[in-house]
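Below is one structure, written out as structure tokens; the observations come after it.
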Amino acid sequence: MVLVKHSERTVRKPCRSCGRSDLYWAHDTDRIYHKACPRCEVTGSFVLIERDGSRHNCRNTTDGTGDPAPDMELDGPTEDEDREAPSVPAPVSPDVQTALGMLVGALTPQVDRAEIEAMVKEAVANVVFPTRTVVERANGERKEFTGATHHKLGDVIISLMAGEHVLMVGPAGTGKSTIAEQAAEGLGLKSYSISLSPQTPASQLLGYMQATGDYVPSLFREAYEHGGLFHFDEMDNAHPSVLAVMNAALANGHMAFPDQMVKRHPDFRAVASANTYGRGATRSYVGRQAIDAATLDRFSVETIEVDETLENELCHSTGLEIDQVEQVLTFVRGLRANAEAHSMPVVISPRASVGMCRLLAAGRSWESAVQARVRRGMGDTEWNKING
Ligand SMILES: Nc1ncnc2c1ncn2[C@@H]1O[C@H](COP(=O)(O)OP(=O)(O)OP(=O)(O)O)[C@@H](O)[C@H]1O
Ligand SMILES: [Mg+2]
């Protein structure tokens, strides 16, 4: 079972069985809903999940199944919940509720307690929490990711479970390589990765024969023969001869390596990442190769954009003061939006915001952190445009 978190905010209507409202809507991919969710593109009925991403097993049920009342699952989120979640960048720690409770106590009886409680509830309900992903494998094993995950991790895992190879496309630093590692972890497969460049020879995938006649195997051979998730990182940077090898490996159930034919292991899966959709260079990614249609055709494509709730969490985990993190996020996201609006060939990735937070937390000045992590030698004209 894969639970894919749907709502960014806690439910508006509480669970009918136990009355709790600190829950989220998610899709259970094992329970097929009649159509794919228009927002998440996931086919799976609505279920309630806890804040940590695990299934809400309601103890208050009469049938003893632990499931909430069946009609809850069909309801899904209200229209209000389904609207774009408001951006509340600072994750609120559980201590905040306690602090707010103390505040309520301090203000009572001067101010109406019920009114304050309603305000507190509203504030907490609007907090956007990053996605947490839980995978339940076919053999019943459960993998719960402890940290925050990109909201697309669930989709990538579902596609891989369905036997697809997945190409993740997105700008630099959005978390593609991390998703590849986590997908292997989620599926219980060994993780292999190779970062491709125009100089990467085909022998790096195929292995090679030494003059002595001994075969030197590659990581790819290991995964192909014994199973594992192989990540072709920077696929749009690869030499066409390497793509041809990849194509042959994915097209057939066997493959000619320099020493012998090898049968593809049933647990071999491939995931690739790229900054472009394989149609050649773009303004921001100038050196990228076009990928031939036959190779592209082997992959399901997932677009991996910046996940702002994940970016929030990574910035806050640097230990920088909350209000300074806010300042960094507002500044970096403003630059990102301007770069996009002006179609500028610059990449303002989450690495910029996280890097700035780290430098500020270590005592660097705002100006020097901007120079080191964001401006990075940009000329005045370009900088004024992006920073305008
Ligand atoms: N879920 C996550 N939890 C913790 N850190 C993360 C997570 N996702 C991404 N990161 C961090 O964000 C940074 C960028 O992530 P990653 O390298 O996976 O991005 P990418 O999309 O592969 O980038 P590129 O296109 O440049 O290869 C890394 O430092 C990584 O550790
Ligand atoms: Mg990467």
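In the distance distribution for segment 131-229, Cα-Cα pairs more than 19 Å apart total 52 percent. Rounded to whole numbers, the Karplus 3J(HN,Hα) couplings from phi for segment 200-207 are 5, x, 4, 5, 5, 8, 8, x Hz, using 6.51 cos²θ - 1.76 cosθ + 1.60 with θ = phi - 60°, and x at Gly and Pro.
Averaged per residue, what accessible area in Å² does segment 318-386 show with a 1.4 Å probe, protein chains only? Mind showing how you got there, number by number?
Values: 3590 Å² over 69 residues.
The answer is 52 Å² per residue.
Placing unit charges on the Cβ atoms of the charged side chains and taking the dipole of segment 159-303 about its Cα centre, the candidate lying farthest along the positive direction among S177, Y224, Q289 is Q289. Segment R279..S365, full-extension length gain: 26.8 nm, with 0.36 nm per residue of separation and the alpha-carbon distance subtracted. In this simple spin-label approximation, D259 and W383 carry label points 7 Å from Cα along the Cα→Cβ vector, and these lie 5.6 nm apart. At a 1.4 Å probe radius, carbon and sulfur cover how many percent of the accessible area of segment 159-303? C and S fraction of accessible area: 50 percent.
Taking a threshold of 30 Å on the Cα-Cα distance, which of the pairs K5/K263; K5/K190; K176/K263 fall above it?
Working: K5/K263 37 Å; K5/K190 26 Å; K176/K263 28 Å.
Cα-Cα > 30 Å for K5/K263; rest within.
The alpha carbons of segment 265-388 give a radius of gyration and a Dmax of 17.7, 55 Å, in that order. By the gyration tensor of its Cα atoms, with a ≥ b ≥ c the square roots of the eigenvalues, what is the shape of segment 159-303: rounded for a/c under 1.5, prolate for a/b over b/c, or oblate? In terms of gyration-tensor shape, oblate.
As a test of reading the structure, rank R142, R336, R31 by solvent-accessible area (1.4 Å probe, protein chains only), most first. Walk me through the intermediate numbers first.
Details: R142 105, R336 40, R31 80 Å².
Of R142, R336, R31, the descending order of accessible area is R142, R31, R336.
Rounded to whole numbers, the Karplus 3J(HN,Hα) couplings from phi for segment 224-232 are 5, 7, 10, x, x, 9, 9, 9, 8 Hz, using 6.51 cos²θ - 1.76 cosθ + 1.60 with θ = phi - 60°, and x at Gly and Pro. Heavy atoms only, probe 1.4 Å: what % of the accessible area of segment 318-386 goes to carbon and sulfur, would you let me know? Solvent-exposed carbon and sulfur of segment 318-386 make up 48 percent of the total.
When ligands, DNA and RNA are left out and all protein chains stay put, how many square angstrom of accessible area per residue does segment 1-58 have with a 1.4 Å probe? Before the final figure, lay out the partial values.
Details: 2430 Å² over 58 residues.
Value for segment 1-58: 42 Å² per residue.
Available extension along the chain between T146 and V301 is 53.2 nm, counting 0.36 nm per residue and deducting the alpha carbon span.
For segment 318-386, the C-alpha radius of gyration sits at 1.07 times the compact-globule guess of 2.2 N^0.38 Å, with N the residue count. Placing +1 on the Cβ of every Lys and Arg and -1 on the Cβ of every Asp and Glu, with no other charges, gives segment 159-303 a dipole of roughly 260 debye about its Cα centre. Along segment 303-318 the Karplus relation, 6.51 cos²θ - 1.76 cosθ + 1.60 evaluated at θ = phi - 60°, assigns HN-Hα couplings of 8, 10, 8, 5, 9, 5, 6, 5, 4, 3, 4, 5, 5, 5, 6, 6 Hz to successive residues, with x for each Gly and Pro. Annotation: per residue accessible area for segment 260-317 equals 50 Å², rounded to a whole number [probe 1.4 Å, protein chains only].
Take every Cα-Cα pair in segment 261-329 and report what % of them are more than 13 Å apart.
Values: 1774 of 2346 pairs.
That fraction is 76 percent.
A Förster radius of 45 Å, combined with the Cβ-Cβ distance separating S21 from A337, puts the computed FRET efficiency at roughly 0.85. For segment 318-386, a crude dipole built from +1 on the beta carbon of Lys and Arg and -1 on the beta carbon of Asp and Glu, taken about the Cα centre, is about 260 debye to the nearest 20.
The values are calculated or read from the model by the stated rules, or taken from the named source; none is laboratory data. Every value quoted in this text rests on a predicted model; they were computed, and no experiment measured them. Because the Cβ atoms are built from the backbone with ideal geometry, glycine has one as well, and the counts that use them run over all protein chains shown. These accessible areas exclude ligands, DNA and RNA; they are computed on the full protein's heavy atoms, side chains included. Shrake-Rupley method; radii C 1.70, N 1.55, O 1.52, S 1.80 Å.
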